[in-house]
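Each remark here refers to the structure printed beneath this line.
The values are calculated or read from the model by the stated rules, or taken from the named source; none is laboratory data. Everything numeric in this text was worked out from a predicted model, so none of it was measured. Virtual Cβ from ideal backbone geometry, glycine too; neighbours counted across all protein chains shown.
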Amino acid sequence: MSDRKRVCIIGAGPCGMAALRNFSQSALDVRPEVVCYEKQNTWGGLWNFTWLTGRWTNGDDDLRKYIKFNTVVRNVVYNDASQNFTVVSTDLKAGVSSTEVFSHVIVAVGIFNVPNKPHFDGIDTFEGRIMHSHDFRDAKEFKGQRVLVVGASYSAEDLAMQCLKFGAKSAICTWRTKPMGFKWPKGIEERPLLLRLDSNTAYFKDGSSAKVDAILLCTGYRYAFPFLEDRLRLQSGLTMYPDDLYKATLWLRSGGGRLFYMGLQDQYFSYTMFETEAIWTCRYIMGTIPGEPKSQAEMRADAENWVARRKELKGPHDDIDFQADFIADLSAAVGYKPEAKKVADMFHKWEHDKDADIVSYRDQSFQSVFTGTVAPTLKSTWWRAFDDSKEAFVKNIQPPDSKSRY
Ligand code: NA7
């Protein structure tokens with residue numbers, strides 16, 4: 001292999017695309033050669049499921065030439081002697097596998113693709129619908145039903161409210177560690193953990209029981225990197241700052257300081273953070289960050305400081321400040337100004353809005369800290385808006401006969 005760096009990016013979602021764009025805009029005379037593998041037939045990753053479909057267009061269309069679509073990465077191995085990676089991929093359309101060698105690998109496969117589906121006694125013989133939040137698309141399906149929501153985080157709140165709004169008879173949210181504790185509208189309640197099911201009766205840890213018609217598992221996601229050899233694979237579960245990653249990005253345990261993960265921590269900031277990580281990662285690989293690379297001991301000490309702080313986090317507001325500080329730290333190293341603190345203020349307000357009124361917090365408007373643009377408020381309140389189509393959202397229209405049942 002020549003001295004020119006060859007970078008493999010796995011995934012063309014928001015993180016992979018941000019990395020690609022940063023490499024392609026590099027002012028270096030000799031840019032690294034970049035190949036991005038994407039198993040779907042287009043870019044965007046999970047965001048293809050949303051109104052953001054097709055977001056990367058126009059100028060960024062040039063990035064297509066770096067991406068191998070419909071191509072799944074099967075195996076990544078680090079070669080200690082030659083300090084590079086052997087990557088095996090399969091073109092799904094042609095059914096042809098190929099092997100390539102890279103100096104660096106960036107894992108950008110996202111964290112919301114493998115649902116965590118816990119088992120509960122009796123769930124196998126439950127007669128109603130069982131669905132993970134990952135597969136949830138339309139709340140109308142649950143009209144008139146008694147819904148059991150397992151989980152006590154963002155998806156649980158979202159789906160319980162959405163189902164009730166679209167006519168579910170009731171929703172019980174069952175928690176493991178602590179209840180969400182919102183002032184719920186009539187029809188939603190929280191109970192301690194589900195222990196078992198007997199036919200359509202759910203039994204809870206406090207000794208209570210209830211008949212339910214459908215179960216929504218809002219139980220989060222699992223990391224899955226089946227294509228990585230064991231020593232390259234992230235070990236910690238989904239957290240605000242995974243173990244063994246310098247700048248939450250560079251894998252410290254193996255891979256010769258040449259394996260990177262992007263967007264792998266639990267997220268408040270998403271795109272702001274992805275862009276910051278992309279700038280840092282690309283510049284790190286290109287060797288243009290002052291003071292980098294640091295020694296292994298220095299990198300480990302830095303990562304351990306963040307992990308120690310992570311262990312003291314007490315809830316969403318701490319998480320938000322933690323992530324803002326992380327982005328500020330990363331961006332300071334590369335002279336980028338993502339305004340993380342100002343964005344954090346919006347997240348704090350959003351969390352306070354939720355605590356104040358779980359029914360109306362989605363009706364609030366925010367001002368972009370980048371452009372100053374104030375988002376238009378919904379013509380109808382969220383609770384009265386029954387058209388969930390992309391068109392209605394973008395055009396901010398709702399049928400005039402929308403009525404609240406709250
Ligand atoms: P999250 O935020 O990862 O939350 C998962 C929830 O599921 C959380 O309340 C967990 O309880 C609960 N959970 C997980 N396993 C179980 C079992 N076995 N039994 C009961 N409850 C369980 O996922 P979301 O889908 O809500 O949010 C996805 C992302 O959106 C989130 O990561 C943010 O980035 C925004 P726990 O509290 O661990 O006891």
Residue match in the stretch 142-151 (condition: without any contact (Cβ under 8 Å) to a residue 40 or more places away in the chain, on the phi < 0 side of the Ramachandran plot, buried (at least 18 other Cβ atoms within 10 Å of the Cβ) and away from the ligand (no atom under 15 Å from the Cβ)): no
Close pairs from the stretch 170-185: first polar (S, T, N, Q), partner away from the ligand (no atom under 13 Å from the Cβ) and in a loop (DSSP other than H, G, I, E, B), Cβ under 8 Å, at least 6 apart: SER170/GLY187
Contacts under 7 angstrom Cβ, first residue in the stretch 86-114 being within 13 Å of LEU259 (Cβ to Cβ), partner in a strand (DSSP E or B) and among the charged types (D, E, K, R), 6 or more apart: VAL87/GLU100; PHE102/ARG6; SER103/ARG6
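Assess whether LEU252 counts as being touching a Leu at 6+ places or on another chain (Cβ under 7 Å), away from the ligand (no atom under 16 Å from the Cβ) and touching a residue at least 24 places away in the same chain (Cβ under 8 Å). Steps first, answer last, please.
Working: touching a Leu at 6+ places or on another chain (Cβ under 7 Å): yes; away from the ligand (no atom under 16 Å from the Cβ): yes; touching a residue at least 24 places away in the same chain (Cβ under 8 Å): yes.
Against the criterion (touching a Leu at 6+ places or on another chain (Cβ under 7 Å), away from the ligand (no atom under 16 Å from the Cβ) and touching a residue at least 24 places away in the same chain (Cβ under 8 Å)), LEU252 qualifies.
Could you tell me which of the residues LYS314, LYS379 is exposed (fewer than 13 other Cβ atoms within 10 Å of the Cβ) and either among the small types (Gly, Ala, Ser) or not in a helix (DSSP H, G or I) (or both)?
Numbers: LYS379 fails: exposed (fewer than 13 other Cβ atoms within 10 Å of the Cβ).
Only one candidate passes the filter, namely LYS314.
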Residues located in the stretch 236-253, provided they are at pLDDT 95 or above, out of contact with any Ser or Thr (no Cβ under 8 Å at 6 or more places or on another chain) and surrounded by fewer than 19 Cβ atoms within 10 Å (Cβ to Cβ): LEU252, ARG253
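Any idea which residue in the stretch 257-306 is modelled with the lowest pLDDT, counting only those that are on the phi > 0 side of the Ramachandran plot and away from the ligand (no atom under 16 Å from the Cβ)? Can you show your working first?
Let us first name the residues in the stretch 257-306 that are on the phi > 0 side of the Ramachandran plot, namely 257, 263, 270, 287, 291.
Then drop every residue that is not away from the ligand (no atom under 16 Å from the Cβ), which leaves 257, 287, 291.
Working: GLY257: 96, GLY287: 93, GLY291: 96.
It comes out as GLY287.
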Test for PHE347: is it surrounded by 13 or more Cβ atoms within 10 Å (Cβ to Cβ) and farther than 24 Å from GLY263 by Cβ: no
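Hey, can you tell me all the residues within the stretch 190-220 that are of a type in the set (D, E, K, R) and either surrounded by 15 or more Cβ atoms within 10 Å (Cβ to Cβ) or more than 16 Å from the ligand (Cβ to nearest atom) (or both)?
Of the stretch 190-220, the ones of a type in the set (D, E, K, R) are 190-191, 196, 198, 205-206, 211, 213.
The answer is GLU190, ARG191, ASP198, LYS211, ASP213.
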Pick from the stretch 115-141, criterion within 12 Å of the ligand (Cβ to nearest atom) and part of a loop (DSSP other than H, G, I, E, B), ranking: surrounded by the fewest Cβ atoms within 10 Å (Cβ to Cβ): HIS119
